[in-house]
1. Once fully extended, how much extra length lies between residue 66 and residue 37, figured as 0.36 nm per residue of separation less the alpha-carbon to alpha-carbon distance?
2. How large a share of the accessible area of the chain, in percent, is made up of carbon and sulfur atoms when the probe is 1.4 Å and the other protein chains stay in place?
3. How much accessible area per residue does the chain have, counting only protein heavy atoms and a probe of 1.4 Å, in square angstrom?
4. Non-local amide H neighbours of residue 14 (under 5 Å, H modeled in plane, Pro and chain starts lacking H): which ones?
5. State, to one decimal in nm, how far the label point of residue 59 lies from the label point of residue 15, with both points 7 Å from Cα in the Cβ direction.
6. Taking 2.2 N^0.38 Å as the expected size of a compact globular protein, what ratio does the Cα radius of gyration of the chain give against it, to two decimals?
7. For the stretch 1-55, state which chymotrypsin sites (Phe, Trp or Tyr not before Pro) are in a DSSP loop and have at most 14 other beta carbons lying within 10 Å of their beta carbon.
8. Using a simple spin-label model with points 7 Å from Cα along the Cα→Cβ vector, what separation in nm is obtained for residue 84 and residue 102?
Amino acid sequence: QLQASGGGLVQPGGSLRLSCAASGRIFGINARGWYRQAPGKQRELVATITSGANTNYADSVKGRFTISRDIAKNTVYLQMNSLKPEDTAVYYCRYWSPGRADYWGQGTLVTVSS
């Protein structure tokens, strides 16, 4: 299972670091990522990182967010800088391997407001 943490209330321009730690029997994961869902909107991809450390970002967060991972700790991170009110959402982590496995964390709320 996946446990996401690090959300909270931050002012515009501030930073937060989200973490997602995997526990239990999770094997053969090809990719890890972060998604978010704002009130009244569909869940959207934020960033992904593959087993080969290739990264991909939504255009809206490029240059502000950085995804990284610690293989030994089986943890993925999302460093969020220069946060904007439109970044407010519940952030979900995901570990998956197409056609074989798909795990989601419980979500952590990020609120960007003055």
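1. Numbers: separation 29, 0.36 × 29 = 10.44 nm, distance 1.82 nm.
So the chain would gain 8.6 nm between residue 66 and residue 37.
2. Details: 2840 of 6060 Å².
So the carbon and sulfur contribution to the accessible surface is 47 percent.
3. Details: 6060 Å² over 114 residues.
That works out to 53 Å² per residue.
4. Residues meeting the amide H criterion: 83.
5. A separation of 2.7 nm, rounded to one decimal place.
6. In units of the 2.2 N^0.38 Å rule of thumb, it is 1.01.
7. Those that pass, being in a loop and sparsely packed, are 27.
8. 3.0 nm
The values are calculated or read from the model by the stated rules, or taken from the named source; none is laboratory data. Model, not experiment: these values are computed from the prediction. Cβ sites come from the backbone with ideal geometry, for glycine too, and all protein chains shown count toward neighbours. Note: areas computed on protein heavy atoms with side chains; ligands, DNA, RNA excluded. Shrake-Rupley method; radii C 1.70, N 1.55, O 1.52, S 1.80 Å.
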